[in-house]
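In what follows, a single structure is set out as structure tokens and then discussed.
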Amino acid sequence: MTDFFPLFIQQLFNGLSLGAIYALIAIGYTMVYGIIGMINFAHGEIYMVGAYVGLVALTAIGTQSGLPIWLIIAAMLALSVTVTGVYGYTVERIAYRPLRSSPRLVALISAIGMSIFLQNWVGLGQGTRDMAVPSLISGAYTLQMGESFEITIAWSRLMIIGVVLVLMIALTLFIQHSRMGRASRACSQDLQMAELLGINTDRVISFTFVLGAVLAAVGGVLIAITVGKLNPFIGFIAGIKAFTAAVLGGIGSIPGAMLGGVLLGVAETLAAGYISSEYKDIVAFGLLVLILLFRPTGLLGKPEVEKV
Amino acid sequence: MTEPSTALVPVPTPLLEVRALLMRFGGLLAVDGVAFDVRANEVFSIIGPNGAGKTTVFNCIGGFYKPSGGQILLAGENITGLPSHRVARKGLVRTFQGVRLFKNLTVLENLLVAQHMQVKNGLLSGLLITRAYRRAEQAAIEHAKQWLDFMGLREYANREAGNLAYGHQRRLEIARCMITRPRLLMLDEPAAGLNPQEKRDLALMIDRIRREYNIAVLLIEHDMRLVMDISDRILVMEHGRPITVDRPEAVQSDERVIKAYLGEE
Amino acid sequence: MLAQLPRALIAAVFAFVILAPIFGLKLVRQGMHSALQPHWNIVLWGCAAVFVVQLLHPWLARLFARVRLPSVPALDEEHHLWAWAAVVLLAVVWPFFGGRSAVDIATLALIYVMLGLGLNIVVGFAGLLDLGFVGFYAVGAYTYGLLYYWAGWSFWECLPLAGAMAALFGFLLGFPVLRLRGDYLAIVTLGFGEIIRLLLTNLTDWTGGPDGISGIPSPTLFGLEMTRRASSPEGQTFHEFFDMPFNPDHMVIYLYLLALALALVTLLVSNRLLRMPIGRAWEALREDEIACRSLGLNPTRIKLSAFTLGAMFAGFGGAFFAARQGLVNPESFTFIESALILSVVVLGGMGSQVGVILAAVALTVLPEVVREFAEYRMLAFGFVMVLMMVWRPQGLLPMKRPQVDL
């Protein structure tokens, strides 16, 4: 019984770092949904592409290069962000923009097609087997709790929380104060009205996709370093989880996505810790179904009024 | 063209009664204390400047919005907050601002779908094509034919509804309502986008429907000539509030109405 | 053409950025570490192709606008019937002359015809995107597998039950979920399909876990077993009864004919449903839910009927699948399978039954015939789904509306 509390703290910490990644991906879902009202099904795949590009960059530099670790990680992030930005832009141009006035079902199927395509695209290019990612940041800080239990705070997980925190603050400032941020807020209020007011909505939409892709790529690189392996199928589950996070927080709301990500990450690791790790996915999916049934507007979302 | 026809069928309770209707969206009061009644076989119109809350009143009556307050009674029965399909089953059907047809279904299919709330047929009788099923299906087609003829749409029966001319689409939408044998027909801006000849035809058609099928018509319309021509009584709304309910002549000379339309001097 | 030059250049640069890290620099494992293996040829060819296509874009667009696809020949009712009869007759007769592996592939294709027609009810007719269809397929397969394992039930006893169980699952899931908007529905059904698979994997005591259940017997023919030896002393085998030498091909052909029968029943029933009030209500709902409500149609009930019936057909398909494979395990019921069935429906043209049948046959036979294609199969499916939505969402063979003489 004395182990209960330390285990809880340990899982809470692990959940927080996992949740931070979910939050990063969830922002992409929520921003796209906020503006064009569609679920970008291929978003999880963008995250996966980001992780792969990060690994390519790391392999190109090599772990024995003698460069400082922060520089290596920065280089991985820079390359990954550039490439996924282009991916995000291209996906929107090819698969979504021509369908903007089509029925929802049509756009959604196109998005699913894109998701399947990207998964197999990477599978074809880089193989479908697990790739090992060398660990850059090893070691942890151990915290003695009581007599028999200690908590491990892995540096890599701490780094995730730190990086995500900085990005969240930067994003919030950007959305609040920059021109593009204002335009994008206007578009999520009313796309047609924004267009009438002279906002280039195509540009705002493209920008949203690129921004979402960039954040997801950061998540991909960070998780690859932490978990130590990746394959082309990691985007699928991560995508659904992040979508769950976005819905949990209230789809369309950026703070909601952050909150939802953290809550989901914690719920999942607690479930893994106290029930069984096999059931953590079931907990996430079950949570998704329950929220959609009982509170489809999520925690911070606004209720939608149906237009008759 | 119209006479006060309430004397025809003296009913103790009005067909539709709206009491102190209130609809709030967030901080906005879209409808604020609207009250009126529609008597049997009457043409009752709601007019008012854009954004006065007319369509919101329709959506509350039809069950598309849950009113924030007030009551809606159909022949004395409280229908406030019933889901829209239940309201329709009680004999209250509507058209929409900007036509809402099943565009990829044929004209005939549009009229058949509308009869489904009456046609009670099990899955099995349909799969086995029992005689009862065939008879019901034939009756539905006959009924549809009758309305196609009424609206002059028979030659387009097998055409996809989305390919019809706009005026024809409007007529089909009204036929689709009428084929459900309603007690009250609600038309949301039926004359919008029609040319003068089509508007005259529409007025005649509304009058004919009302007489031949003994129903009441609740109308939202911007075309004043049409409204004054066919309405028995008119409700004028502004900013979600009722200004007056009266007969057309009285409404036309009402100072408050003129002010609402022309603005304060 | 010069005006297109900057655009084409930018596109080529984008193509480079997209291709280089995935195809140009291949990660290869070297012991504990990984290394990069450059493949610049692919990247350069890709960039060049994108450059040329973008350069010729206006010209190509004009060319494509002129290309017309053949529409389905409009057969009148009488010819229609004859054509169908001929096709069915051919489908019944050919396996007796075809090779064993060809018949086997055809059986698989027919399973996808069945699943495609079932999903078509949900996606094509009612316009509800169900991404967890494979969950109901799994329910059907495991209904037979578990009932056989725990109670020794036979295929024919389980078949109706498999359909009923899948329908029940569809009903229970659909009841709360179908009030949701379309895109949420897609995600929830996807989650549901995954939950079923994860439960099947993890409830090891009941379902055999990741290994599943094996040794599931094939269907019998009026009580005759199609095996070399009867499974019980009082059982009788097909070849003994007819006094023939044992031939394993009989089993293959029998399974094929069974699949054909099931697919035909699915086709006839779904075709009939479409022409019934319920089918018209599905289509009306797909077109405009608000208009449906204004006419007194209860959207939840209509959706639920489509969802339940679609699930039922998946359940039948699942039971047959279990009988054909002889084993069931969770691996057969991943999201990829749902995506495959969905692409059958999408390629065939949502709502078009002939289209769905042709697409199911094409998508199962093609990877078998062209082995090289198998590697690119899912890539191609994803691509085709996007292409179809952008270019021709009604499918290659859109449905013709029923015409009524008045």
Filtered residue count, segment B:199-219, keeping only those that are surrounded by 15 or more Cβ atoms within 10 Å (Cβ to Cβ) and either in contact with a Lys or Arg (Cβ under 7 Å, 6 or more places away or on another chain) or of a type in the set (A, V, I, L, M) (or both): 10
Number of the exception - C:Glu283 against (1) assigned to a helix (DSSP H, G or I); (2) at pLDDT below 95; (3) more than 9 Å from every other protein chain (Cβ to nearest Cβ); (4) out of contact with any Lys or Arg (no Cβ under 6 Å at 6 or more places or on another chain): (3)
Test: residue in segment C:374-390 that is farther than 22 Å from A:Val122 by Cβ and more than 9 Å from chain A (Cβ to nearest Cβ): no
Residue, nearest to A:Leu99 (Cα to Cα), within segment C:360-373, restricted to residues that are within 14 Å of chain A (Cβ to nearest Cβ) and in contact with a Phe, Trp or Tyr (Cβ under 9 Å, 6 or more places away or on another chain): C:Leu363
Within segment B:155-167, tally of residues that are closer than 27 Å to C:Pro299 by Cβ and surrounded by 19 or more Cβ atoms within 10 Å (Cβ to Cβ): 3
Residue among C:Leu115, C:Leu185 that alone is within 14 Å of chain A (Cβ to nearest Cβ), touching a residue at least 12 places away in the same chain (Cβ under 8 Å) and out of contact with any Pro (no Cβ under 8 Å at 6 or more places or on another chain): C:Leu185
The one condition in (1) under 23 Å from B:Ala40 (Cβ atoms); (2) surrounded by fewer than 19 Cβ atoms within 10 Å (Cβ to Cβ); (3) in contact (Cβ under 8 Å) with a residue 60 or more places away in the chain; (4) of a type outside the set (Phe, Trp, Tyr) that B:Glu77 fails to fulfil: (3)
Test result for B:Leu128, under 22 Å from the mean Cα position of the chain (by Cα) and facing chain C (nearest Cβ under 10 Å): no
Residue list for segment C:216-227, filter: under 16 Å from C:Leu255 (Cβ atoms) and not in a strand (DSSP E or B): C:Ile216, C:Pro217, C:Ser218, C:Pro219, C:Thr220, C:Phe222, C:Met226, C:Thr227
Segment C:203-218, residues that are touching a Pro at 6+ places or on another chain (Cβ under 9 Å) and of a type outside the set (Val, Ile, Thr): C:Gly209, C:Pro210, C:Gly212
Only listed residue being over 30 Å from C:Phe125 (Cα atoms) and within 14 Å of chain C (Cβ to nearest Cβ), chosen from B:Leu92, B:Leu74: B:Leu74
Residues within segment C:170-215 that are surrounded by fewer than 17 Cβ atoms within 10 Å (Cβ to Cβ), at pLDDT 85 or above and assigned to a loop (DSSP other than H, G, I, E, B), tallied: 3
Wholly within segment A:136-235, helices (runs of 4 or more DSSP H) carrying at least 3 residues that are surrounded by 18 or more Cβ atoms within 10 Å (Cβ to Cβ): A:155-177, A:179-189, A:201-227
In segment B:77-89, residue farthest from the other protein chains (Cβ to nearest Cβ) [restricted to those that are not polar (S, T, N, Q) and not in a loop (DSSP other than H, G, I, E, B)]: B:Glu77
Residues within segment C:199-213 that are without any contact (Cβ under 8 Å) to a residue 40 or more places away in the chain and either closer than 24 Å to A:Phe243 by Cα or within 8 Å of chain A (Cβ to nearest Cβ) (or both), tallied: 2
Answer residue from segment B:102-119, given it is within 12 Å of C:Leu295 (Cβ to Cβ) and more than 7 Å from chain C (Cβ to nearest Cβ) and is modelled with the lowest pLDDT among those: B:Gln118
Sole exception among (1) more than 22 Å from the chain's Cα centre (by Cα); (2) surrounded by fewer than 18 Cβ atoms within 10 Å (Cβ to Cβ) for C:Pro219, by number: (2)
Some residue of segment C:315-324 being surrounded by fewer than 24 Cβ atoms within 10 Å (Cβ to Cβ), within 12 Å of chain A (Cβ to nearest Cβ), at negative phi and in a helix (DSSP H, G or I): no
Selection status of C:Leu327, touching a Ser or Thr at 6+ places or on another chain (Cβ under 6 Å), of a type in the set (A, V, I, L, M) and more than 24 Å from A:Phe236 (Cα to Cα): yes
Some residue of segment B:36-58 being under 20 Å from B:Glu189 (Cβ atoms) and within 12 Å of chain C (Cβ to nearest Cβ): yes
Index of the failed condition, A:Gly113 passing every other in (1) within 20 Å of A:Ile234 (Cβ to Cβ); (2) surrounded by 24 or more Cβ atoms within 10 Å (Cβ to Cβ); (3) more than 7 Å from chain C (Cβ to nearest Cβ): (3)
Residues that are under 30 Å from C:Arg229 (Cα atoms), in contact with a Leu (Cβ under 7 Å, 6 or more places away or on another chain) and surrounded by fewer than 21 Cβ atoms within 10 Å (Cβ to Cβ), drawn from segment C:245-294: C:Tyr254, C:Leu260
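Let's see how each residue does on (1) out of contact with any Gly (no Cβ under 8 Å at 6 or more places or on another chain); (2) part of a helix (DSSP H, G or I); (3) buried (at least 23 other Cβ atoms within 10 Å of the Cβ); (4) among the polar types (S, T, N, Q):
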{"position": "C:Ser332", "(1), (2), (3), (4)": "yes, yes, no, yes"}
{"position": "C:Ile336", "(1), (2), (3), (4)": "yes, yes, no, no"}
{"position": "C:Ile341", "(1), (2), (3), (4)": "no, yes, yes, no"}
{"position": "C:Val356", "(1), (2), (3), (4)": "no, yes, yes, no"}
{"position": "C:Ala359", "(1), (2), (3), (4)": "no, yes, yes, no"}
{"position": "C:Pro367", "(1), (2), (3), (4)": "yes, yes, no, no"}
Test: A:Leu211 is more than 30 Å from A:Ala140 (Cβ to Cβ) and in contact (Cβ under 8 Å) with a residue 12 or more places away in the chain: yes
Test set (1) at the interface with another protein chain (Cβ under 8 Å from one of its Cβ atoms); (2) under 23 Å from B:Val107 (Cα atoms) - C:Val269 fails condition number: (2)
Single residue of segment B:120-154 satisfying the filter (surrounded by fewer than 15 Cβ atoms within 10 Å (Cβ to Cβ) and assigned to a loop (DSSP other than H, G, I, E, B)) that is modelled with the lowest pLDDT: B:Lys120
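The values are calculated or read from the model by the stated rules, or taken from the named source; none is laboratory data. Since we're looking at a predicted model, the values are computed, not measured. Methodologically, a virtual Cβ is constructed for each residue, glycine included, from the backbone with ideal geometry; neighbour enumeration extends over all protein chains shown.
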